[in-house]
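Contents: one structure, followed by commentary.
The values are calculated or read from the model by the stated rules, or taken from the named source; none is laboratory data. Source: prediction; values computed, not measured. With ideal geometry, Cβ positions are generated from the backbone for all residues, glycine too; neighbour counts draw on all protein chains shown.
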Amino acid sequence: MKPAAFDYIAPKTVEEVISLLTTHEDEAKILAGGQSLMPIMNFRLGRPGLLIDINGLDELDYIKQQDDHLLIGGLTRERTVERSPLVRDLCPLLSQAISFVGHTAIRNRGTVGGSLVHADPSGEIPTAFCALDGRVKAVGPDGERWIDPGEFFLTFLTTSLEPTELLVEVKVPVLPQGTGWSFMELSRRVGDFAIIGVATLLFMNGDGTCREARIALGGVAPTPFRAEEAEEVLAGQAIGEELISRAGELAGEAADAEDDYHASAEYRQEMAKIMVSRSLRQALARTGKGN
Amino acid sequence: MPDPEARRWVGKRYKRKEDLRLLIGEGKFVDDIQLPKMKHAAIIRSPYPHALIKNIDTTQAEKLPGVRGILTGQDVKEMSKPFPCGVPIPPKYYSCAVDKVRYVGEPVAVVVADSRYIAEDALDLIQVDYEPLPVVMDIEEAAEPDAPVLHDNIGSNIYSHRLMQYGEPAKAFEEADLLVKGKFLFPKYGSTPIETYAVVASYNPVNQEFVIYNNYQGPFVNHSLVALALGIPENKMRWIVPTDIGGGFGTKTGVFPYIALIALASKKTGMTVKWIEDRREHLLASATGTDRVTYMEAAVKRDGTILALKDKAMDNTGGYIRAPEPGCAYRSTGNHTGAYQIRHLDREVMVVGTNKCLTSPNRGYTCQELYFSVERLVDMVAAQLGMDPAEIRFKNFIQPDQFPYTTATGGIYDAGNYQKAFQKALDIVDYPKWRQEQEKARQQGRYIGIGIATIVDPSVTNIAYVTTALTPEQRAKGHPKSGSGESMTIKMDPLGQVHVIACTNPQGQGHETVISQIVADELGIDPDGITVSNVVDTHDRVYTITTGSYSSRFASVGTNALVNATRKLKDKLFKIAAHLLEVSPDELVLENQKFHVKDQPEKSIAVRHVAGTAHWHQTALPEGMDVGLFASSLITMPTSKPPDELDRVDSSNTYGFCCEVIVVEIDPETCEIKFHKWASMHDSGTVLNPMILEGQVMGSITHGLGGALYEEFAYDENGQCLTASFQDYLCPTSMEVPDIDIGHVETPSPFTALGSKGAGEASCESVPVAVANAIADALAPLGVVINELPLTPSKIWHLIKEAKAKQA
Ligand SMILES: Cc1cc2nc3c(=O)[nH]c(=O)nc-3n(C[C@H](O)[C@H](O)[C@H](O)COP(=O)(O)OP(=O)(O)OC[C@H]3O[C@@H](n4cnc5c(N)ncnc54)[C@H](O)[C@@H]3O)c2cc1C
């Protein structure tokens, strides 16, 4: 399990990275935490000719608040985000989601940017990112652009990022006080990739009805996705058990799961219903606090 | 047996001597070995489960700078012979595929290069043309006459097949009030030691001798097998195993073909060659336990007495069969009836081949397969009789006053008090309370289940059992085998310090520590000062063909050899001291490292001076005594005899007891499993070191939990392995193991010097079925049938769905 030969370079600035990417295009790969890329290379499933190590780009390692958003540098470690008081206070869904990613040692190395670009359909960060309707900032030879989740995730392990682009920042909203949130998942063991992961958000009206619901599912389709029909039945409603089950049903129907060794498609599909309902219950129980 | 009160060290939580070097990274493993001019090997492996090798083109690879040579199946065929195996017609099993591959991952060629990187680059450049053949993956299909045949010289996929009867099963089946039967499917799972296979081989053309470092825990039969395959005298092959092995669990038995392969690579290239198996190779192609299909039927009296068992068990050793197989099917012969007084047995045993990875013993060596059917069936019998599963076990247990107890199949159970241990486990869990909780939960639509398994854990394999693969007539024509010998040497240096030379090559069991404790007690000295070297070096150790650390041998035959050697040394010390003090040895007392005459403490001599005399003043020794101070013992267990003409054999020579009582709750929606309570009770005789024992039992439980819920080498119908990385082959971690109450009952074995016996394999034999029984119990009202493992939530969910559909 040794990688094929590759060249290695460790630039210090975003500009250098972009210029290297522009020169080498498909030949080159960004190395962030290496927690997905290194296994791929060691199995020789990927053989990049050049590794551009961005671990020296301190400028991409930050978490800050800007108005009603949190800005997270593309190279910020998963563990840093998970433990950040700012994120816990203002966007607890993200901290919670990250706590399900692998194990501490992996989160110490793995980056938020790397996880999004790797685009594993059961990845917790991608799923939370969908529910949060976040944005990623990509920088390329033609400047920068912002990409939303629907546009970003194309299919299994594939995003719309160009080979010449670097993900430099992730933007997620600050959740208003009283927002209900929940991240839940089923996995075979603690730390395994999710059989199904569910992120839900309930934005509430002053009268206790739900203004907007967001339900994102991971692991049950080629990309994480929003269960929009399910969200719609909740919007504007006073949420109770009946609506929760209905939303669960609809979310389950929206899933497009596949069989694998760990769980059948049918099981995953069924779990989509159950986990969405459970997650909505948890989110509902969390609404209104501090209002 | 010494008075337990007099033991200062045995039985104490004496800290492991091995830990410091391991914790600070100073362990010595095969991969730490660096030799001059050492090169590195990588192995190209078959992507096909069954295919003809039409051509291997190595020209491009040979041109790669840094490549020193390539060994192919053709070379292996010319340079070596197939490994012998104890079945009527062995397949032609070489260390590398010759003409044909029979499982995914089978070695096809070896590249030797300046680094492992270059060697792997070269693999990419080798062109192998395959012609795929039809595959057979299912055990029962493999035994059918129209199945694709793996080995033309055998003509079918059946490697071993025997019918055996013990007692009068037909009569018992007639007398029964009730017959209960089931079909049980046990998965293929393994051991995943942290350290994978490792070999460094070096051929010396001057004396035609191989020096081979490897990480197999004993020469055992493997040294002879490799010598036979290489066609060399055994003494021309020196095996050295470094101080540390990173886990074995049986899997490492399968390193022997790689020892031959890398030795051949060394011979062909003229280089010293190192090969360290990587994790993918290990999961894909090292060795696993056998998967097994069992049909088992019990003949039962209305009062719950189990009169007889009738079973047909089919094992699967994969693309070939190799030693110690067909042990899988015969190893548990003596304890086939478990903890019960079942006197009649009708057995059919079959070992077949499929296009799966090969097998080796896997901690518990097929006792988990055996008890999965026996203990599931006992529960099914209880259910049919409306009896409590605990009660039916008490009903059939061997009684404490029946030991030593000879089973119908020839096992001689040394000691035990199954009732006491089992009751203790039930008490810890508060069994009656949980039965009530279960009742309540059922009314609320919750699934609580209590799983029990009560099993007998054999240790110290008697090598004779392997010959039960042959009929008594076939055996009569061959050479008999018997024994379970182990060797220990103890010496005292001129300044009176003790060093022990063992050959058990532990893989984490802490033999250095326990050896020190035992010797300290025997000689009345401090264990800290005792040094132990415990490695295999076939040129400078004495051993027998059974030597090594497998089948939990150390605590019984290992300690027997140790105590025996130590007492010989002590005897010599007494004789010298008596001679010097001009008294007879029985007038002497050994106390505080001094010999003194009884009631005359002033008439004394220090042990150190006695030792000094043996070395420095040799003519002062008693007439005719050998000079110096050492003693060796190579002994076997007395019951290690060949099978009799009725196929009865004491297949192991000590037998512990173990039981699990487990309370689970299954989430009715997701089918996830939660453990409410778990008691694991053990009787492995005298406890030598409680701390080490706890570690062994915890590991064993975890390994068993793996088999129950997580671990399986799964293949698709095309023969591709689905679980060749740790992302898919799931071993339980500390997060998956619930709180477990581990307890001990100590019934000393009369067959061992200290009363101790094996302990590290028990729970991996009982846990898979105990967990299955718990899940079956939880889902009993739904009519769910549990007869397979691992029980994943997805699988349980489907079982419930099917059962509900049937009930509707
Ligand atoms: C044992 C183990 C368990 C794991 N369990 C989980 C889990 O449960 N859930 C989960 O979601 N993940 C899991 N992971 C994956 C982990 O989250 C990874 O860290 C993550 O997927 C990739 O992040 P990274 O920083 O390590 O990226 P890398 O591995 O360095 O890179 C991944 C890919 O993204 C590209 N890339 C990285 N950063 C950028 C960037 N800024 N711009 C453009 N391209 C970039 C790389 O070129 C590469 O193609 C696990 C990993 C391991 C080893």
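List of remarks:
- Any hit, segment B:125-142, residues being at pLDDT 95 or above, in the same structural domain as residue B:258 (by TED's automatic domain parsing), within 24 Å of residue A:45 (Cα to Cα) and buried (at least 19 other Cβ atoms within 10 Å of the Cβ): yes
- Taking residues in segment A:188-215 that are on the phi < 0 side of the Ramachandran plot and within 14 Å of chain B (Cβ to nearest Cβ), and partners anywhere that are of a type in the set (Lys, Arg) and surrounded by fewer than 21 Cβ atoms within 10 Å (Cβ to Cβ), the pairs with Cβ atoms closer than 9 Å and at least 6 places apart or on different chains are A:198/A:278.
- When segment A:8-42 is filtered for residues that are more than 9 Å from the ligand (Cβ to nearest atom), in contact with a Pro (Cβ under 9 Å, 6 or more places away or on another chain) and either more than 17 Å from residue A:162 (Cα to Cα) or within 14 Å of chain B (Cβ to nearest Cβ) (or both), the ones remaining, listed by number, are A:41, A:42.
- Checklist (1) in a helix (DSSP H, G or I); (2) within 14 Å of another protein chain (Cβ to nearest Cβ); (3) surrounded by fewer than 21 Cβ atoms within 10 Å (Cβ to Cβ) applied to residue B:119, failing item: (3)
- Answer residue from segment A:159-179, given it is under 20 Å from residue A:132 (Cα atoms) and outside any loop (DSSP other than H, G, I, E, B) and is nearest to the other protein chains (Cβ to nearest Cβ) among those: A:159
- There is no residue in segment A:95-118 that is more than 9 Å from the ligand (Cβ to nearest atom), among the basic types (Lys, Arg) and either without any contact (Cβ under 8 Å) to a residue 60 or more places away in the chain or away from every other protein chain (no Cβ under 14 Å) (or both).
- Verdict on residue B:670 being assigned to a loop (DSSP other than H, G, I, E, B) and either among the β-branched types (Val, Ile, Thr) or without any contact (Cβ under 8 Å) to a residue 60 or more places away in the chain (or both): yes
- Among the residues here, residue A:182 qualifies as away from the ligand (no atom under 16 Å from the Cβ) and more than 14 Å from every other protein chain (Cβ to nearest Cβ).
- Within segment A:230-269, the residues that satisfy the criterion of being within 10 Å of another protein chain (Cβ to nearest Cβ), assigned to a helix (DSSP H, G or I) and either at pLDDT below 95 or crowded, with 22+ Cβ neighbours inside 10 Å (or both) are A:267, A:268.
- Qualifying residue in segment B:214-230 (condition: assigned to a loop (DSSP other than H, G, I, E, B) and over 16 Å from residue B:505 (Cα atoms)): no
- Inter-residue pairs, beta-carbon under 8 Å, first within 14 Å of residue A:82 (Cα to Cα) and in contact (Cβ under 8 Å) with a residue 40 or more places away in the chain and in segment A:121-132, second near the ligand (Cβ under 8 Å from one of its atoms) and charged (D, E, K, R), 6+ apart: A:125/A:78
- In summary, residue A:56 fulfils each of the numbered conditions (1) closer than 20 Å to residue A:18 by Cα; (2) within 12 Å of the ligand (Cβ to nearest atom); (3) away from chain B (no Cβ under 14 Å) with the single exception of condition (2).
- Hits in segment B:696-742 (condition: part of a loop (DSSP other than H, G, I, E, B), more than 8 Å from every other protein chain (Cβ to nearest Cβ) and among the hydroxyl-bearing types (Ser, Thr, Tyr)): B:729, B:734
- Residue count for segment A:246-268 under the criterion of being out of contact with any helix residue (DSSP H, G or I) (no Cβ under 6 Å at 6 or more places or on another chain) and either under 18 Å from residue A:193 (Cβ atoms) or polar (S, T, N, Q) (or both): the result is 6.
- Restricting attention to segment A:140-162, the residues being away from the ligand (no atom under 14 Å from the Cβ) and on the phi > 0 side of the Ramachandran plot number 1.
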